[in-house]
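A short write-up of the structure that comes next.
Readers should treat all values here as calculations from the given coordinates under stated rules, not as data from a laboratory. Quick caveat: nothing in here was measured; it's all calculated off a predicted structure. A quick note on method: Cβ atoms are made from the backbone with ideal geometry, for glycine too, and the neighbour counts reach across all protein chains shown.
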Amino acid sequence: MALSEDNNGRRPSRAPLASHVLPFAKATLLTLGSIAVTMLGLLFITFIIGRVMPIDPVLAIVGERASQSTYDAVYQQLGLDKPLLVQFAYYLWDVLHLDFGTSLLNARPVSEDIARVFPATLELATLGIFFGVILGVPLGVLAAVRKGSWIDQIARVVALVGYSMPIFWLGLMGLLVFYGILGWVGGPGRVGIFYVDVVPSVTGLILVDAALDGNWDVFKDAFSHIILPASLLGYYSLAYVSRMTRSFMLEQLSAEYVTTARVKGMSEWDVIWKHAFKNIRVQLITVIALSYANLLEGSVLTEIIFSWPGIGSYITTALLSADMNAVLGGTVVVGLIFILLNIFSDLLYKVFDPRAK
Amino acid sequence: MAETQTLREWLLTETPTSRRHAKMSALYQGWLSFRSNTMAMIGLGILVALVVVAAGAPLIAPHDPFVQELSNRLAPLGAEGHILGTDSLGRDILSRLIYGARITLYIVALVALIAPIAGLLVGTVSGYVGGWTDTVLMRITDIFLAFPRLVLALAFVAALGAGIENAVLAISLTAWPPYARIARAETLTIRSSDYISAIKLQGAGALRIITKHIWPLCISSLIVRVTLDMAGIILAAAGLGFLGLGAQPPSPEWGAMISEGRRFILDHWWVATMPGLAIFTVSLAFNLLGDGLRDVLDPKAGE
Amino acid sequence: MNVINRLLTSAAVGIAVSVSSFAAHAETPANMLVIAHRIDDVTTVDPAESFEFAGSDISRNVYNRLVNLDPLDLGAGYKPDLAESWEVSEDGMTITFTMREGVKFHSGNPVRAEDAAFSLQRAVILNKTPAFILTQFGFTPENAADTIRADGNKLMITTDKRYATSFVLNCLTATIGGIVDKEVVMANEVDGDMGNTWLKTNSAGSGPYKLDGWKPNESVTMSANADYYGGAPAMQRVIVRHVLESASQRLLLERGDIDIARNLNPEDIAGATGADGVKVVDELKGRLMYLALNQKHPELSKPEVRQAFKYLIDYEGMRDSFLKGQYTIHQNFLPATYLGASDENPFSYNIEKAKELLAAAGVENLEVEIGVREAQERIEIGQSFQNAAAQAGIKVNITVGTAKQILARYRARELDVYLGAWGPDYPDPQTNAGTFAYNPDNSDAANATGLLAWRTGWDAGGLTEKVAAAVTENDRDKRVQMYLDIQQEFREISPFVVMFQQIEQSALRDNVTNWSTGQAVTSAAYWQVTK
């Protein structure tokens, strides 16, 4: 599942953090504690991975032709001559001070790099999930309402095709058709090349920056570039979101209160939206949150094909060139987002779903 | 009761005569409801065909999948002797796809064995034993869940070296945590049931309860989940192949074939598209099958 | 029905939003040059440290050197740049440069001999990867102040022995010879790093372009230096964008969103050639593709086996298929166009001959591992070789890995066979002779990882002395003959199977003229380009 960018890998966790209801303060502490422990584990494993990789970080920096003295100098500079645990302790100390170190490869602070690549992913993922939800939810509801009808069948096929399509193939074909042949959308990259750095970077989200700057040419151009990859990611979320929506809705629609409401003569629209749909909101938000978390991890293959400088390809490149500071930094950010979204959905369950109590 | 009872009647009886009879009957009824699901049957059909093709690859394939012919490279669809054309080194694409089916099945079988079993072990132990064990195991599960799956898989493959076995291990490593969660949740509900308490009173040990009584009950939901995940697993393996970290050349792994063919996508689109279609078809088959199985085995989770 | 209608409407609106067209057909502005290139190898833009292809492109346009190559006349060799003229002392060990007057850095500071001395000393003292290009003349961090010194308008450098003057000057045209602005660099010094940290991401040069920004794996932007001493460049702004996929580069070019696509594969070149408004320019580059046979391997070290492998390469088949247009057959370690390069290519694809040689060596059931970097053309060369070897009874297992993974094993002398590429570091034959055919100490303890001969475990079979002699020969014709002799012997006895030399095919919009990627001797230049 690692690279397929499907959303199958994670279903909403219904296991609450603590099995019985605790006083609020204690629960909060417990939650914070579990975040800390998870993050620590995450860092430690990443750190170990970095050290057991057969890629020599020194070689990655000095290149093929370095002399031994150049090599040795960098080896010491990186502190690789110290014991593993000492290295980890140093690293942890820095992280606690919000210092992720400098990228071994491009000599910039990792935090600066992440501040540059993460907004690219955030922008893409946000728009992607937006498309996925805006199309996926109605499709799922419709499929549930008309269970077994042709609409249901189409929804099923649309979703299953989404689950089954290799994204790199779809991406390349999409680029070929919509950009290469039809010219409807912008090509690879976040904006057309002569719009690069035209608007000041405030948020790092080009659409937002352009809007803030009032530069609608840039906005239009950026939108034409993001639309295709975002639709692609949107399609994958759509597949998942629509299937889950359908599932949840079917459960509600077969419930007694729905029959009662219908018998009472309530309009179908009200039955569906005011009752059934209202009851699945929390579950749905969880699904969407997880889907969003998956997109925020960065979809490496999409990023490669669309020359999108996002966090997925950043971490991959870093990993393959043994730039461990960058990998660790990226992992922390992605891991934290995932944990927070997970906790957020757990909380939603606790607050809104009586069954979880 | 009629003297001559057909097998069908025996299976559909409402008054089973033995435990085995009841089990068989339930299975048969499941099969009947599964069979009425056209989509799921299509999925099953495709997968059966895949197994047949993989098993009979040497008989079916028109060419040796490794024989190169540089003078006849990138032959188009329908070229003489090469129905699906040839790749960059002039190898027959159809034959490579046929042999590639073996690799796909191999990946699928291995991951389907490793990941759910690992998840089942962790989940049931965690759920049944509870306490500190539960906390520690679930924390580990959380760590793996929170990991960018890509980093985990890539790092693993990079550390152990590229290759199909390592790719399978890497994928399994990223795939087990959700199974552990499911198994734990199931265990928690089963654990407190009267039925387990009764067995406990009879003096059964934890090991026996977990393996003999909890595992069988978790299996059905896991099977559904695994089948639905299979598509993702195939795509993940293809993705690793795409990044050059899966099967090693000249192995005709489908993902690696797409990766090789993507260079020609603009002028020789079929080179990447044919393996793409193969991956798509098999993934779709698993999804259709999984959807159908869910209806049968785990109705509450689905429709 | 009401429900469905409303739902369908909302879905339709969504779809309409997602597919409606926003892109306009574009043409790049007349004074802007837009290039799609793979720039993921850039790790630093400090000329004392930068050593990768895309990084060298940046340096070439941002920094001047003492002597430099003219992109429109590369065959002429080095010409005066910041040094107007030079003289060689009688013992041949000291070169005195006279600096050009009136040249200014981007900061407005004048370019002085002191800056030049500082730049070269700095490169020696920092001792980064490319430092060997200078330190091979005997400069060390300790003696740098004495061997490289400024005196008024003169810069004097003194080598440890007499070298061919052309060799010394050729080395100064390399990236590491870039002259930096001493005042600006030292103002940004941190912890005695001689401004290294700052220069990794900033520039302080006097060249035709200023570096505006480098975003790793994303883009490099430069703007023209209006006060450039050679005249302001025509292209006001140059943007190099990182585009990994060949197909993406081609689409961008055909749509007119970029002016130049630098990494098109043969199929996309073939496709783009027919496209409207696109032309393709070929330049012979210095990069060689070769196989290295590990001499620590008991079978591969047999002379007949080494020879046999040279017949197991389908040179023509590969050149005419997946390498079409981008590689030419070349079996010598000096790239064509280099001083003394041999153009003899005696080996051809001959399975029978290889079998005979293997039989003569008594080799049976040989199984070897070949390490291949994760790049499609190399994987294909590897597979073609695997196929040929199988016909001669050799089982070849391909291991594909990232550049760094495979390289580390090669440097540790662990791989049986390495499929490698090698590009010259400076436009002098010594650059390749000194690594392929030079290995004074073949012991493991020597750890001479910079030398290809050492990595391959080959003692260079007596060529070491000949290479050392050639580099000090000041008579051009004699020097040429020496290299021809070395290559002749190398072809026959070495464990290197040199196969191909690269041709870089740039696809350009047809209004772009004077484009140069620097051929075999240097990097890409932008300042002479017009549209």
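Check the straight Cα-Cα distances from B:LYS212 and name the lysines below 23 Å, setting aside those fewer than 8 residues away within the same chain.
B:LYS23, B:LYS200
Evaluated at 25 °C with a viscosity of 0.890 mPa s, what Stokes-Einstein diffusion coefficient in µm²/s does chain C have when Rh comes from the Kirkwood expression over alpha-carbon pairs?
Calculated translational D: 98 µm²/s.
For the range C:334-437, which semi-axes, largest first and in whole Å, follow from the square roots of 5 times the eigenvalues of its Cα gyration tensor? Could you put the intermediate results ahead of the total?
Numbers: eigenvalues 139, 83, 34 Å².
Working through the eigenvalues yields semi-axes of 26, 20, 13 Å.
Run the paramagnetic zone check for B:ILE219: 7 angstrom along Cα to Cβ, then residues of the range B:122-146 with backbone nitrogen under 18 Å.
Inside the label zone: B:122-125.
Amide H of C:MET499: which non-local residues (sequence gap of 5 or more, or other chain) have their own amide H closer than 5 Å, using H built in the peptide plane?
Under 5 Å from the amide H of C:MET499 lie the amide H atoms of C:MET289, C:TYR290, C:LEU291, each far enough along the sequence or on another chain.
Hey, any idea what Rg/Rh is for chain B, computing Rh the Kirkwood way over Cα pairs?
1.07
Take the alpha-carbon centre of the range C:409-425, take the same for the range C:114-145, and report the distance between them in whole Å.
What the calculation gives is 27 Å, centre to centre.
What is the angle, in °, between the Cα long axis of helix A:324-352 and the longest principal axis of the Cα atoms in chain A? Nearest 10 is fine, range 0 to 90.
20 degrees
For the protein assembly as shown, evaluate the Debye formula with one uniform point scatterer on each Cα (no solvent term) and list log10 I(q)/I(0) at q = 0.06, 0.07, 0.09 Å⁻¹, rounded to two decimals.
Values returned for q = 0.06, 0.07, 0.09 Å⁻¹ are -0.54, -0.73, -1.16.
May I ask for log10 I(q)/I(0) of the range C:373-498 at q = 0.09, 0.13, 0.14 Å⁻¹, from a Debye sum over the Cα atoms as equal point scatterers with solvent left out?
Log10 of I(q)/I(0), two decimals: -0.31, -0.62, -0.71.
Could you work out how far the C-alpha centroid of the range A:278-308 sits from that of the range B:51-121, in angstrom?
That distance is 33 Å.
Counting pairs of alpha carbon atoms under 8 Å apart in space and at least six apart in sequence, what relative contact order in percent does the range C:163-212 give? Before the final figure, lay out each step's value.
Numbers: 28 pairs, mean separation 14.1, N = 50.
Over the range C:163-212, the number comes to 28 percent.
Starting from the 7 Å offset along Cα-to-Cβ, what nm value, one decimal, do you get for the label separation of C:ASN109 and A:MET266?
Roughly 7.8 nm, to one decimal.
Step by step: find N for the range C:78-164, compute 2.2 N^0.38 Å, then divide the Cα radius of gyration by it. What's the final number?
Its radius of gyration relative to the 2.2 N^0.38 Å reference: 1.09.
When only Cα pairs under 8 Å and 6 or more residues apart are kept, what is the percent relative contact order across the range A:110-352?
On the way: 302 pairs, mean separation 75.3, N = 243.
It rounds to 31 percent for the range A:110-352.
How compact and how long is the range A:284-349, expressed as Rg and Dmax of its alpha-carbon atoms in Å?
When restricted to Cα atoms, the range A:284-349 yields Rg and Dmax of 13.4, 41 Å.
Using a Gaussian network model of chain B with C-alpha springs under 10 Å, which one of B:HIS213, B:HIS21, B:HIS268 is most mobile by mean-square fluctuation?
B:HIS21
For helix B:215-242, report the angle its Cα long axis makes with the longest principal axis of the Cα atoms of chain B; keep it between 0 and 90° and round to the nearest 10°.
That helix lies at roughly 20 degrees to the long axis.
Which angle from 0 to 90°, rounded to the nearest 10, does the C-alpha axis of helix B:131-146 make with the longest principal axis of chain B?
For helix B:131-146, the angle is close to 20 degrees.
Nearest 0.05, what FRET efficiency do A:ILE181 and C:GLU352 give at R0 = 56 Å with Cβ-Cβ as r?
Result of the calculation: an efficiency of 0.70.
Please compare each pair in C:LYS324/C:LYS353; C:LYS128/C:LYS215; C:LYS79/C:LYS466; C:LYS310/C:LYS395; C:LYS302/C:LYS355 to a cut-off of 18 Å on the Cα-Cα distance and tell me which ones are over it.
Result: C:LYS324/C:LYS353; C:LYS128/C:LYS215; C:LYS79/C:LYS466 exceed 18 Å.
For the range B:95-197, what are the per-bin percents of Cα-Cα distances with bins 5 Å wide, up to the bin holding the maximum?
P(r) for the range B:95-197, in whole percents per bin: 3, 13, 17, 18, 17, 12, 8, 6, 4, 2, 1, 0.
Would you please state the base-10 log of I(q)/I(0) at q = 0.15, 0.23, 0.27, 0.28 1/Å for the range A:23-97, with intensities from the Debye formula using one equal scatterer on every alpha carbon?
So the normalised log intensities work out to -0.66, -1.08, -1.23, -1.26.
Step through the residues of the range C:37-53 one at a time and calculate ³J(HN,Hα) from phi using the Karplus curve (6.51 cos²θ - 1.76 cosθ + 1.60, θ = phi - 60°), rounding each to whole Hz and writing x for Gly and Pro.
Whole-Hz 3J(HN,Hα) from phi for the range C:37-53: 7, 7, 10, 6, 8, 6, 10, 6, 10, 6, x, 6, 10, 5, 8, 9, 4.
Taking the range C:286-503, how much of its Cα-Cα pair set, in percent, is spaced more than 28 angstrom apart?
On the way: 5578 of 23653 pairs.
That fraction is 24 percent.
Evaluate the distance, in nm, between pseudo-label points positioned 7 Å from the Cα of C:THR472 and of B:SER197 along their respective Cα→Cβ axes.
9.7 nm
Peptides C:218-225, A:210-217, B:70-77: what's the order by average Cβ count within 10 Å, highest mean first? Don't skip to the answer; put the middle values down first.
Working: C:218-225: 22.0, A:210-217: 14.6, B:70-77: 17.0.
Order by mean packing, descending: C:218-225, B:70-77, A:210-217.
Sticking with the crude label model, points 7 Å out along Cα→Cβ, report the distance from A:THR259 to A:LEU80 in nm, one decimal please.
7.0 nm
Rounded to whole Hz and in sequence order, give me ³J(HN,Hα) for the range C:495-509 from the Karplus expression 6.51 cos²θ - 1.76 cosθ + 1.60, θ = phi - 60°, writing x for Gly and Pro.
In residue order, the calculated couplings are x, 9, 9, 6, 10, 9, 10, 7, 10, 8, 9, 9, 9, 10, 5 Hz.
So what's Rg/Rh here for the range C:432-490, counting alpha carbon atoms and using the Kirkwood radius for Rh?
1.01
Would you please give the FRET efficiency between C:ASP227 and A:VAL37, computed as 1/(1 + (r/R0)^6) with r the Cβ-Cβ distance and R0 = 60 Å, to the nearest 0.05?
0.50
Taking Cα pairs under 8 Å and at least six residues apart, what relative contact order does chain C come out at, in percent?
Relative contact order for chain C comes out at 19 percent.
Counting only residues 5 or more places away or on other chains, whose amide H sits under 5 Å from the amide H of C:SER516 once H atoms are built in the peptide plane?
Those lying under 5 Å, H to H, from C:SER516 are C:ALA525.
Considering the Cα trace of chain A, what is its radius of gyration and what is Dmax, both in angstroms?
When restricted to Cα atoms, chain A yields Rg and Dmax of 23.7, 86 Å.
How much FRET efficiency would the formula 1/(1 + (r/R0)^6) give for C:ASN514 and C:GLU90, where r is the Cβ-Cβ distance and R0 is 51 Å, rounded to 0.05? Let's see the in-between values first.
Numbers: r = 41 Å, r/R0 = 0.81.
For R0 = 51 Å, the calculated efficiency reads 0.80.
Under 5 Å between amide hydrogens, which residues at least 5 positions from C:SER219 or on another chain qualify, with H placed 1.01 Å from N in the peptide plane?
C:HIS242
If you plug each phi of the range A:290-297 into the Karplus form 6.51 cos²θ - 1.76 cosθ + 1.60 with θ = phi - 60°, what whole-Hz ³J(HN,Hα) values come out, in order, with x for Gly and Pro?
The phi angles translate into 5, 4, 5, 4, 5, 5, 6, 5 Hz.
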